[in-house]
Amino acid sequence: MRTRLLTVLVTALGLVVSACGSGDTPDITPNRLIVEYWGSPAVKNDRLPGYGEAPEDRKANLAAYFSPDQLVTRLLSVFPCTDGALGTPRAANGFDSHCASNSAVRQAVRGAGGDPERMSARVALVKHPDGGLELMTLYVANGRVIDANAETYGSLDEFRAGNDLLTSDDVVLVPRDITQVGGQSELVTVYGHTPWAGWPWLFGGGGVLVLLVLLLAGRRIRRSRRAARESGTST
């Protein structure tokens, strides 16, 4: 009986954990996010021309500088930071390479083995739960990325697990290897933060507890009925 009960509990735990686990990739493709970016005149911290203009005017401005492939490459590639705050005069192709870093970020870049006087950065295209788009700047130094809170990460997984800037409801378009400086990297859409890994176990444990209570209650009822039958037989 104990072996049977243990088997049922283990099986139930596996089923509950599987049911509670959520997919790591949102139901949205990189191309779709790029299209939304192309048509949005209100991207927070935008680095390309057309902010605040009508969607058609923005598209015309972007098309004057980039083909669709060039837009994706320019938007998601690493660039050298120039002096000045974001939004000051742009480069000839319309891309704003200014970096508004602070002393903590520069110190983190130095700690990662980079040169705080010659920093490089990339952007992550973020879609927030309210539908708003944002270009989030991440600094790249010696195989590491540093966010605006001066936190340092060695991979996309580390960034998603540890950052305090995004939630698990934000959707982010980035290269899979966000530390890569040159060459091409596969683009992925992921949630901005890894959901807490304990939820499946919490729900799974609760489900197993409920099942255990039901099994024990069933055994008690069967015993009571058997005792009642035996008592009736003896009289």
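Here are a few things to note about the model shown:
- Region 123-141: number of residues that are loosely packed, with under 15 Cβ neighbours inside 10 Å and either modelled with pLDDT of 95 or more or at negative phi (or both): 3
- Condition check for A148: at pLDDT 95 or above, surrounded by 20 or more Cβ atoms within 10 Å (Cβ to Cβ) and closer than 30 Å to G52 by Cβ: no
- Residue within region 75-84 that is modelled with pLDDT under 85 and part of a helix (DSSP H, G or I) present: no
- Count - residues of region 43-58 that are at pLDDT below 90 and hydrophobic (A, V, I, L, M, F, W, C): 2
- For P129: the one exception among (1) of a type outside the set (D, E); (2) part of a strand (DSSP E or B); (3) within 15 Å of the chain's Cα centre (by Cα): (2)
- Selection of region 112-122 for residues being touching a residue at least 40 places away in the same chain (Cβ under 8 Å) and either outside the structural domain of R176 (by TED's automatic domain parsing) or surrounded by fewer than 21 Cβ atoms within 10 Å (Cβ to Cβ) (or both) yields A112, S120.
- Residue check, G207 in contact with a helix residue (DSSP H, G or I) (Cβ under 7 Å, 6 or more places away or on another chain), modelled with pLDDT under 90 and outside the structural domain of H128 (by TED's automatic domain parsing): yes
- Residues satisfying the stated conditions in region 25-44, i.e. part of a loop (DSSP other than H, G, I, E, B), free of Cβ contacts under 8 Å to residues at least 24 places away in the same chain and of a type in the set (S, T, N, Q): none
- Applying the set (1) under 23 Å from the mean Cα position of the chain (by Cα); (2) at pLDDT 80 or above; (3) not polar (S, T, N, Q) to G23 leaves exactly one unmet item: (2).
- Complete set of residues in region 133-165 that are more than 24 Å from T82 (Cβ to Cβ) and part of a loop (DSSP other than H, G, I, E, B): G154, S155, N163, D164
The values are calculated or read from the model by the stated rules, or taken from the named source; none is laboratory data. Please read these numbers as outputs of a predicted model, since none were measured by experiment. Methodologically, a virtual Cβ is constructed for each residue, glycine included, from the backbone with ideal geometry; neighbour enumeration extends over all protein chains shown.
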